[in-house]
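S.K.: I have a structure here, written as structure tokens, and I will follow up with some questions on it.
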Amino acid sequence: MATTITKVESSQVISNLDTYTYTVKQAAMHVARLTINEIPPSGLTITIKQNGSTVVSTSAPAAAQQVVDLSTTLNCAINDTISFVVASTTPSDTGPNAFKGILNIHIGSSN
């Protein structure tokens, strides 16, 4: 399943494994950030991609932790795609609301 992000400059709450994709409407630097709070021990992996190529990726550690924060600044052209892939190898992560995250894309060059 894939979820389309329709606008920048606003936060979106996520709580399911999915691919979240935004198509760039303005050529500019875009900051892409995903913060996941209160992660139980899991196999969660977060990847940010631009036009299908991985830009940055991280995995949640085996021990519980409060926050995993992943962000990057991307130089985007019109119609580029920014994707957040939230995946896991652990069955406990696949249920609805197994975690809670805030996804944000905004135009600019700083976090």
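None of the figures in this text is laboratory data; all of them are computed from the coordinates on show. Computed from a prediction, not measured in an experiment: that's the story for all the values here. Positions of Cβ are backbone-derived with ideal geometry, glycine not excepted, and every protein chain shown enters the neighbour counts.
S.K.: With charges set only on the Cβ (+1 for Lys and Arg, -1 for Asp and Glu), what does the dipole of the range 2-107 come to about its Cα centre, in debye to the nearest 20?
M.R.: It works out to roughly 180 debye.
S.K.: Whats the longest run of the chain with zero trypsin sites (Lys or Arg not before Pro) that are DSSP loop and have at most 16 other Cβ atoms within 10 Å?
M.R.: Answer - 26-111.
S.K.: Okay, moving on. Subtracting the Cα-Cα distance from 0.36 nm times the residue separation, let me have the gained length for N97 to D69 in nm, one decimal.
M.R.: Residue separation times 0.36 nm, minus the Cα-Cα distance, leaves 8.3 nm.
S.K.: Count charges around F84 for me, please; just the other residues with Cβ under 11 Å from its Cβ, Lys/Arg as +1, Asp/Glu as -1.
M.R.: For residues surrounding F84, the net value is +1.
S.K.: Okay, moving on. Apply the Karplus parameterisation 6.51 cos²θ - 1.76 cosθ + 1.60, with θ equal to phi minus 60°, to every residue of the range 16-26 and state each ³J(HN,Hα) to the nearest whole Hz, in sequence, with x for glycine and proline.
M.R.: 9, 5, 5, 10, 10, 10, 10, 9, 5, 10, 9
S.K.: Counting Lys and Arg as +1 and Asp and Glu as -1, what is the net charge of the other residues whose Cβ lies under 13 Å from the Cβ of N16?
M.R.: Computed value for this residue: -1.
S.K.: Separate question: If a paramagnetic tag sat 7 Å from the Cα of T3 along the Cα-Cβ line, which residues of the range 18-38 would have the backbone N under 16 Å from that point?
M.R.: Flagged as within label range: 18-23, 33-38.
S.K.: Show the residues, 5+ positions off or on another chain, whose built amide H is closer than 5 Å to the amide H of I14.
M.R.: Amide H neighbours of I14, under 5 Å, 5+ apart: G101, I102, L103.
S.K.: Can you list residues from other chains, or at least 5 along the same chain, whose modelled amide H is less than 5 Å from the amide H of D80?
M.R.: For D80, the qualifying residues are V24.
S.K.: Along its principal axes, what span do the Cα atoms of the chain show, with the longest given first and each in whole Å?
M.R.: Taking max minus min along each principal axis of the Cα atoms, the chain gives 39, 27, 24 Å.
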